[in-house]
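Notes to accompany the following structure.
Every number here is computed from the coordinates shown, using simple stated rules; none is lab data. All figures in this text were calculated on a predicted structure; none of them were measured in a lab. Glycine gets a Cβ as well: all are built from the backbone with ideal geometry, and neighbour counts include every protein chain shown.
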Amino acid sequence: MRKTLLALAAGLLLAGSVSAASAADKLKVGFIYLGPIGDLGWTYQHDLARQALVKELGDKIETTYLENVPEGPDAERAIEQLVRAGNKLIFTTSFGYMDPTLKVAKKYPNVHFEHSTGYKRDKNMSTYSAKWYQGRYIQGLIAAKMSKSGVLGYIGSFPIPEVVSGINATILAAQTINPNIKVKIIWANTWFDPGKEADAAKALIDQGADVIMQHTDSPAAMQIASERGKLAFGQDSEMIKFGPKTQLTSILDTWAPYYIARVKAELDGTWKSEDTWGGLDSHMFAMAPYTNMPDDVKKMAEDAQAAITAGKLHPFKCPVIGQDGKPVECKGGDHLDDGQILGMNFYVKGIDDKLPGK
Amino acid sequence: MQLVLEKRAERSNTIALVSPLIAIGLTIVTMVILFAILGKNPLLALHAYFIAPLTDSYSLQEIAVKATPLVMIAIGLSLCYLANAWNIGAEGQFLIGAVAGSWIAVKTQGTDAGAWVLPVMFVLAAAAGALYALIPAICKVRFGASEILTSLMLVYVADLFLDYLVRGPWRDPNGFNFPTTAEFDPVATVPLLIEGGRLHLGSIIALLVVAAVAILLGRTIKGFEIRVVGAAPRAARFGGFNSNQLILLTFAVSGALAGLAGIIEVAGPVGHLQPGISPGYGFTAIIVAFLGRLNPLGILIAGLFLALTFIGGEQAQIAMKIPLDVTKVFQGILLFYVLACDSLILYCFKLVFPNRQVARGAN
């Protein structure tokens with residue numbers, strides 16, 4: 001019996017070392033995920049892109065991911081674990097991984113890092129993000145057309161510029177349809193917590209909102225809106241199956257082309273530290289089909305999408321009026337420049353709320 | 001025939017010693033079955049969980065880093081629990097300690113403050129943790145309020161207070177509005193012990209705490225008092241021990257240790273104050289305290305073991321692509337078996353045949 005066990009163990013170890021040898025030739029690519037891969041939102045989309053990557057380049061690369069990595073003291077260890085496991089290109093897919101990624105990047109200059117949605121870079125650390133505010137603008141147009149109460153409900157995650165610029169773009173668009181549009185904002189203070197997100201959606205509906213929009217990652221708000229017979233926008237992923245009669249559209253994160261391009265660059269030895277901020281034109285995100293709306297609203301949305309893609313329409317076209325009633329300095333010619341949007345730390349006029357921490 | 005649990009005449013000391021081993025054995029058997037069902041090689045999986053993290057200095061350091069706050073908090077909690085005082089709010093005391101210590105770090109940021117900063121941060125954090133723990137203790141002693149509830153509820157107060165500070169007054173002005181303070185200055189950072197690693201001074205402090213409490217419990221009258229009040233309250237009263245005073249004392253000590261653990265975590269591995277600095281250390285420490293049988297050395301081992309499951313879980317995710325959920329299942333199963341096996345200390349299995357007489361009569 002003991003001999004059999006020993007033989008078995010030896011065989012297993014051998015098998016392990018053989019597969020390790022064949023894997024050694026492949027480029028190892030690692031991913032750090034904020035949520036579970038089944039969150040059906042943010043992390044789910046990153047993992048879909050990883051799967052697309054494997055499909056495209058699977059014979060040359062091997063991918064590994066760590067899911068549910070909190071943005072606290074554990075993040076640095078998780079990233080370093082991937083480095084130590086031999087990953088040469090590592091995607092850290094949430095804002096809160098910025099400082100931990102930078103720390104590990106400084107420690108391992110020969111490993112390349114790609115950090116999503118942050119602003120700190122290094123020789124071996126790129127950043128990438130998408131101009132989601134463009135999609136928010138389209139949603140704002142639709143919301144204003146579809147809302148009967150004239151009150152929109154907005155579930156925010158954290159009051160960081162990415163989220164604030166999304167709220168502002170939404171309202172600026174909605175005001176072009178209904179100058180008196182109101183928005184109620186609830187900060188969930190989390191990216192992913194279906195319970196909290198659902199509670200926020202309920203509270204917003206109780207306050208009179210009839211169109212729910214969210215900057216959090218789960219379909220919980222969509223489900224609540226669906227139960228209450230209201231309308232909602234999905235987030236990150238296609239959420240139509242959680243609200244077949246509810247979802248108007250959804251901003252879809254489509255990371256696959258970027259991931260494939262970056263991994264190819266790594267394979268070719270042409271990888272450089274870069275700052276990528278792509279919009280509708282560069283397919284960093286896409287809009288889900290426009291549903292549950294009349295044809296004229298749909299046409300308006302499609303026209304706006306085409307205009308933004310072609311660069312003819314800018315969501316932050318000057319003048320942008322701040323909450324204090326004064327126009328914001330216009331640094332980009334006829335619209336706010338990228339720096340102003342990336343660091344956006346103010347609400348526009350018409351938002352009857354105070355930005356947390358202001 | 002029936003299998004029943006029967007109370008032993010006295011607690012079995014043999015079982016008390018071997019029960020954790022039985023529990024670990026049963027856990028491993030269960031996990032092997034689970035891995036097999038998942039189609040993963042059980043031997044390699046167990047290797048990734050338990051052996052691989054122990055084979056290189058990096059992982060060993062990480063285990064120590066992860067275990068440090070757990071052990072420090074659990075040691076304090078064990079004093080409370082031994083004295084029959086139920087402090088469930090160590091998480092809150094941890095957060096308040098982190099906040100109080102960070103106050104100095106934030107206020108001295110960018111100034112030429114000297115080496116006094118870190119020691120003062122430690123003292124403030126411990127003091128704040130102790131005071132915060134005294135709130136439920138005083139409510140208990142003075143008004144008879146359940147310390148379980150009050151200490152637990154204060155966790156949320158501390159959490160929201162921290163949240164407010166990093167979103168408002170202490171927010172990093174260059175942090176793009178993200179709820180975090182700026183990175184602490186080097187003088188406000190816990191020194192590292194090994195170049196290039198993450199092992200820090202806090203782990204040494206945790207070891208000192210373990211030793212100090214071991215001496216307190218084993219060699220001093222106060223330690224004896226704590227154990228008597230918990231084990232035999234009536235006898236303690238006859239002995240003239242003041243149990244109210246002990247509740248205040250043990251709460252204060254455990255609060256101070258949790259607070260100290262909080263600032264060490266923030267000024268150490270994290271480097272700044274932000275929400276989410278604790279992935280539930282204060283609650284996990286309760287498990288560590290009981291897993292270690294409220295014994296300082298036991299707690300040290302239990303803390304390291306739990307840390308091992310975290311690090312091993314990550315390595316299993318990387319090496320074997322075993323989902324994180326399996327690690328959580330694994331930790332749950334382990335606790336279940338530990339508690340189940342512990343019941344054997346006071347109870348034993350017995351087969352009874354209630355129907356035998358009747359059956360014979362019928363024949």
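In the range B:172-267, taking the dipole from charged Cβ atoms about the Cα centre, the farthest positive-side position among B:Thr250, B:Phe184, B:Gly196 is held by B:Thr250. Working ranking of peptides B:238-244, B:259-265, B:58-64 by packing, defined as the average number of other Cβ atoms within 10 Å per residue, highest first, is B:259-265, B:58-64, B:238-244.
Each 5 Å bin from zero up to the one holding the largest Cα-Cα distance in the range A:238-307 carries the following percent of pairs: 3, 14, 18, 18, 15, 11, 8, 7, 4, 2, 0. Most simply put, the protein assembly as shown has about 25% antiparallel DSSP beta bridges, counting only bridges with both residues inside it. Going by a ≥ b ≥ c, the root eigenvalues of the Cα gyration tensor, does chain B fall in the rounded group (a/c under 1.5), the prolate group (a/b larger than b/c) or the oblate group? Oblate, since a/c reaches 1.5 and b/c is not below a/b. Taking a straight line from the alpha carbon of A:Lys241, these lysines sit under 18 Å away, with near neighbours fewer than eight places off in the same chain left out: A:Lys230.
Per-residue packing, averaged as other Cβ atoms within 10 Å, sorts the ranges B:78-85, B:117-124 into the order B:78-85, B:117-124, beginning with the highest. Sorted ascending by nearby beta carbons within 10 Å, beginning with the fewest, B:Val288, B:Val29, A:Val328 become B:Val29, A:Val328, B:Val288. Calculated on the alpha-carbon coordinates, the convex hull of the range A:195-250 measures out at 61 cubic angstrom per residue.
Ordering A:Thr291, A:Ile260, A:Ile177 by the projection of their Cα atoms onto the charge dipole of the range A:175-313, which places +1 on the Cβ of Lys and Arg and -1 on the Cβ of Asp and Glu, puts A:Ile177 at the extreme positive end.
Against chain A, whose longest principal axis is taken from its Cα atoms, helix A:73-84 shows a tilt of about 50°. If only the Cβ of Lys and Arg carry +1 and only the Cβ of Asp and Glu carry -1, the dipole of chain A around its Cα centre is close to 320 debye.
Across the range B:65-105, counting alpha-carbon atoms alone, Rg and Dmax equal 11.8, 36 Å. For B:Phe94, A:Phe113, the sequence from fewest to most other C-beta atoms within 10 Å is A:Phe113, B:Phe94.
Projected over all directions and averaged, the alpha-carbon convex hull of chain A occupies 21.1 nm².
What percent do you get for the relative contact order of the range B:13-129 when only Cα pairs under 8 Å and 6+ apart count? Reported as a whole number, the value is 16 percent. Just going by the charge dipole of chain A, with Lys and Arg at +1 and Asp and Glu at -1 on Cβ, which of A:Asn87, A:Tyr154, A:Leu355 is farthest out on the positive end? Working it through, the farthest residue towards the positive pole turns out to be A:Asn87.
Starting from the Cα gyration tensor of the range A:43-140, take the square roots of the eigenvalues, sort them a ≥ b ≥ c, and report rounded, prolate or oblate (rounded when a/c is under 1.5, otherwise prolate if a/b is larger than b/c, else oblate). Oblate.
Compared with the dominant Cα axis of chain B, that is its longest principal axis, helix B:57-82 is turned about 70°. Between helix A:98-107 and chain A there is an angle of about 30 degrees, using the helix long axis and the longest principal axis of the Cα atoms. Per residue of peptide A:63-76, the mean number of Cβ atoms on other chains within 10 Å of the residue Cβ is 6.
Pairs of Lys residues in the range A:271-358, spaced 8 or more positions apart or belonging to different chains, with C-alpha separations under 28 angstrom: 21 in total. Taking other C-beta atoms within 10 Å as the exposure proxy, B:Glu147, A:Glu227 rank A:Glu227, B:Glu147 from fewest upward.
The mean count of C-beta atoms from other chains within 10 Å of the C-beta of residues in B:212-218, rounded to a whole number, is 0. Across the range B:108-185, Cα-Cα pairs more than 21 Å apart make up 49 percent of the total. Considering the protein assembly as shown at the alpha-carbon level, its Rg and Dmax are found to be 28.7, 105 Å. Basic side chains Lys and Arg get +1 at the Cβ, acidic Asp and Glu get -1 at the Cβ, and with that the dipole of the range B:263-363 about its Cα centre reaches some 640 debye.
Please state the relative contact order of chain A as a whole percent: Cα pairs under 8 Å, 6+ residues apart? Relative contact order, chain A: 16 percent.
The charge dipole of the protein assembly as shown, taken about the Cα centre with unit charges on the Cβ atoms of Lys, Arg (+1) and Asp, Glu (-1), comes to about 2060 debye, rounded to the nearest 20. Would you mind classifying the range B:159-264 by shape? Square roots of the alpha carbon gyration tensor eigenvalues, ordered a ≥ b ≥ c; an a/c under 1.5 is rounded, otherwise it is prolate if a/b is larger than b/c and oblate if not. Oblate, since a/c reaches 1.5 and b/c is not below a/b.
Restricting the trypsin sites (Lys or Arg not before Pro) of the range B:279-352 to loop positions (DSSP other than H, G, I, E, B) with no more than 13 neighbouring Cβ atoms within 10 Å leaves B:Lys321. The relative contact order of chain B, computed from alpha carbon pairs under 8 Å that lie at least 6 residues apart in sequence, is 36 percent.
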